[in-house]
Amino acid sequence: MDLGLAGKRALVTGSTAGIGAATVRELAAEGARVAVHGRNAERAEAIAADIRAAGGEAILALGDLSTRDGCNAVIAAVEAAFGGLDILVNNAGGSENPSRTWADVEWEDFLENFELNTGSAFRLIKHFLPGMKAQKWGRIIQFSSTGATMPAAHTEPSYNAVKASLITLTTSLSKTVARHGITVNCVTPGAVDTPVYRKFVTNLPPFQDKPIEEINRTLAKRWAIPAGHLGEPEDLAPAVAFLCSGQADWITGVNLRIDGGMSYFINT
Amino acid sequence: MDLQLTGKRALVTGSNSGIGVAAARRLAEEGARVIVHGRNQQRAEAVAADICASGHDAIAITGDLSTQQGCDALWQAVEAAMGGLDILINNAGGSDDATRTWETSHWPDWIEEFEMNAGSAMRMTEHALPGMIAQKWGRIINVSSAQATMPFPHSSPGYNAVKAGIINTTTSLARTYGKHGITINCISPGPVDSAVFREFALDLPPLRGKTFEEAEPFLANKWGVSAGRLGQPDDLAGAFTFLASPKARFINGVTLRVDGGMCGFINV
Ligand SMILES: NC(=O)c1ccc[n+]([C@@H]2O[C@H](COP(=O)([O-])OP(=O)(O)OC[C@H]3O[C@@H](n4cnc5c(N)ncnc54)[C@H](OP(=O)(O)O)[C@@H]3O)[C@@H](O)[C@H]2O)c1
Ligand SMILES: NC(=O)c1ccc[n+]([C@@H]2O[C@H](COP(=O)([O-])OP(=O)(O)OC[C@H]3O[C@@H](n4cnc5c(N)ncnc54)[C@H](OP(=O)(O)O)[C@@H]3O)[C@@H](O)[C@H]2O)c1
């Protein structure tokens, strides 16, 4: 299916690893001109080099998105190379300490998570939206989490709450810009086998020294994922590319669950 | 994006008009072997012939799905033609009278709407599941309606309720059969320019005598479709085809809104 992405200028934040890396590769394979982003220059360059070797076009836009200066650096790099954006995928995010619980979480943790997950998206949207409006075409995608929609006991309360804000931001913004040819959507991943996921689970006391395959099998059962397995970054990337495409012109304000059926409530 | 649908056997119920035509055609363009269906044989054959004329693979099989007998007969014909299904799109549906209200509709109308929308989908699902389980791969896509999640006052209470039931059924089936490599998802359209829709909308008192083009901005505004326009069947084709693809294997149990942003509440 032709996604109509050839020549579109795309920034995928947090694309040096995990879901973002798979997404930036997917968009580039569809012909988009992509900006690879992260804090780590070496990993960003490796991914950009891969994309170029496959015949794609990639630039680097590095910076820590939890600060205003870092966002400005990313914006400057994108502007210099592309002079604006058609597609903004706000994928970077996470929590400094995913094992926090209500027992030890502090208000500062909420603020820190808000800066990284929502602040980064907010700043980039604010900057790139006017250009999208002027050209009457744009795509903006946020990343929430099943932690937001089905928070479990003893899981990172600040991360969960902050990720929920992105779902609301999405529907809210979508209404404001829909008549300008811009769609705004959100993706909610379930458990996906990425570097940050591995770092987290391999440090859980019962899993230390266990092979990742065994951990994943155990967790797929414990979390009752109907698919019977965790997601791979490559399970997310095509859906993001689809939402960015001309095939999804009339899809806006939605939050697409990609969790192997793990969400146990109906989807409305 | 290669959706890897070559050779997949697909039935799109209710594909001799409206949204179903666009879904059937797009699946065929992606290489699927498609069964075009409806009650009206002539229209079904015309759609299939049209798809074949563009070099793709389609046949027509007709039958009424509002009865058990009709569903059994369709399934027999499907098995005879293709030996089973990889993709089942339960799109046939609607209401015999879209102008029903709480005052003018009675329990027999509800039964009729249940038979036509849920009865057709559930009976065909029951038929298709064993083969999908045996081959460890399958895609079932149901069709709900924005009216299921945001019922308008004075509007089709039975139809709205049965379409809401389909959202519930989707998640229930996904949680039950996800482990067999099968996904069951749903698409929830907003107002889409199909023949029945036109007939209904252009008969609304303020719009009588108007053309669709004249009526469209009024309707988009009245119903809060943020995109400022109604959907065309083609706006939905990509979503059906993407969800049917192996690339969407980790999306299960969801109801994807394709409604131009009409549903104004957050999507979880
Ligand atoms: N994996 C899951 O199970 C899961 C589940 C639900 C939601 N999600 C969400 O999906 C998104 C992607 O997750 P992932 O698992 O793919 O993550 P990951 O493997 O940790 O990758 C995170 C990416 O974000 C970048 N990044 C992190 N903090 C940053 C910062 N302060 N400034 C700039 N870049 C930063 C990292 O780049 P550098 O290291 O180069 O800085 C990396 O490229 C996140 O929003 C996450 O919350 C993931
Ligand atoms: N258009 C919209 O605005 C809208 C909005 C929300 C949801 N939807 C849903 O989307 C689906 C398609 O709608 P549409 O607007 O494309 O409708 P449409 O143009 O009327 O098409 C309906 C299709 O279903 C078939 N069908 C209807 N009743 C049937 C029965 N008892 N047995 C077998 N086939 C039957 C029709 O075939 P025959 O004519 O040959 O019988 C036709 O192919 C429906 O489920 C509808 O409820 C539509």
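The values are calculated or read from the model by the stated rules, or taken from the named source; none is laboratory data. All values reported here derive from a predicted model rather than from experimental measurement. Quick reminder, even Gly has a Cβ in these numbers, built from the backbone with ideal geometry, and neighbours come from all protein chains shown. The area values use the complete protein model at the heavy-atom level, side chains included, leaving out ligands, DNA and RNA. Shrake-Rupley method; radii C 1.70, N 1.55, O 1.52, S 1.80 Å.
A few remarks follow.
- Binning the C-alpha pair distances of chain A at 5 Å intervals from 0 yields a P(r) profile of 1, 6, 13, 18, 20, 18, 13, 8, 3, 1, 0 %, listed from the shortest bin outward.
- With DNA, RNA and ligands ignored, accessible area of A:Lys136 (1.4 Å probe; Å², nearest 10): 130
- At least 40 Å² of accessible area lost relative to the chain alone, listed for region B:171-198 with a 1.4 Å probe: B:Thr171, B:Arg175
- In Å, descending, principal axis extents of the Cα set of region A:187-268: 47, 26, 17
- Between region B:1-44 and region B:144-218, the alpha-carbon center distance in angstrom: 20
- The alpha carbons of region B:124-252 give a radius of gyration and a Dmax of 17.4, 54 Å, in that order.
- The distance linking region A:117-172 with region A:180-228 is 20 Å (Cα centroid to Cα centroid, whole angstrom).
- Max mean-square fluctuation residue, GNM over chain A, Cα-Cα springs under 10 Å, options A:Ala248, A:Ala191, A:Ala148: A:Ala248
- Neighbours of B:Leu27, meaning other residues whose beta-carbon lies under 12 angstrom from its beta-carbon, give a summed charge of +2 when Lys and Arg score +1 and Asp and Glu score -1.
- Rg/Rh for region A:116-268 stands at 1.02; both radii use Cα atoms, and Rh follows the Kirkwood definition.
- Taking Cα atoms only, the orientation of helix B:120-135 departs from the longest principal axis of chain B by about 30 degrees.
- Each 20 Å bin from 0 upward holds the following percent of the Cα-Cα pairs of the protein assembly as shown: 22, 55, 22, 1.
- Derived from the Cα gyration tensor, the three semi-axes of the equivalent ellipsoid of chain B are 28, 20, 19 Å, largest first.
- Cross-link check: pairs B:Lys136/B:Lys163; A:Lys163/B:Lys163; A:Lys8/A:Lys133 evaluated at a Cα-Cα cut-off of 21 Å; pairs beyond the cut-off: B:Lys136/B:Lys163; A:Lys163/B:Lys163.
- Among B:Gly138, B:Gly20, B:Gly228: highest mean-square fluctuation, GNM of chain B, C-alpha pairs under 10 Å: B:Gly228
- Average accessible surface area per residue within region A:60-112, 1.4 Å rolling probe, Å²: 49
- Angle in degrees between helix A:233-244 and the longest Cα principal axis of chain A, rounded to the nearest 10: 40
- Karplus-based coupling profile of region B:59-66, in residue order and whole Hz: 10, 10, 9, 10, x, 7, 9, 7, with θ = phi - 60° in 6.51 cos²θ - 1.76 cosθ + 1.60 and x standing for Gly or Pro.
- Under-5 Å amide H pairs with A:Gly190, H placed in peptide plane, nonlocal only: A:Ile258, A:Asp259
- Residue with peak Gaussian network fluctuation, chain A [Cα springs, cutoff 10 Å], from A:Phe122, A:Phe207, A:Phe82: A:Phe207
- Here the sum of -39500 (n - 2.57) over DSSP H runs of 4 or more residues, divided by the residues of the protein assembly as shown, equals -13500 deg cm²/dmol at 222 nm, to the nearest 500.
- With the convex hull of the Cα atoms taken as the outline of region A:49-129, the averaged projected area works out to 6.7 nm².
- Alpha-carbon centroid distance for the pair region B:248-268 / region B:57-123, whole angstrom: 23
- Helix A:18-29 and the longest principal axis of the Cα set of chain A meet at an angle near 30°.
- The B-A contact accounts for roughly 4100 square angstrom of buried accessible surface, both chains included, probe 1.4 angstrom.
- Pairwise label distance in nanometres, A:Ala6 with B:Asn40, each label 7 Å out on the Cα-Cβ vector: 3.7
- Working from the Cα coordinates of region B:196-268, the gyration tensor eigenvalues give, after taking √(5λ), semi-axes of 30, 14, 9 Å in decreasing order.
- Computed log₁₀ I(q)/I(0) - Debye formula, equal Cα scatterers, no solvent, region A:19-72, q 0.15, 0.18, 0.21, 0.27 Å⁻¹: -0.39, -0.54, -0.70, -1.00
- When the alpha carbon gyration tensor of region B:179-222 is reduced to an equivalent ellipsoid, its three semi-axes come out at 33, 10, 7 angstrom, largest first.
- Across the alpha-carbon atoms of region B:14-78, the computed radius of gyration and Dmax are 11.3, 35 angstrom.
- Among the protein heavy atoms of region A:1-85, carbon and sulfur supply 48% of the accessible surface, probe 1.4 Å, non-protein parts ignored.
- Within region B:101-133, the GluC sites (Glu not before Pro) that combine a DSSP coil assignment with at most 11 other C-beta atoms in a 10 angstrom radius are B:Glu103.
- Dipole magnitude for region B:81-156: about 460 debye, using +1 per Lys or Arg Cβ and -1 per Asp or Glu Cβ, origin at the Cα centre.
- Once you divide the Cα radius of gyration of region B:1-112 by 2.2 N^0.38 Å, the number left is 1.17.
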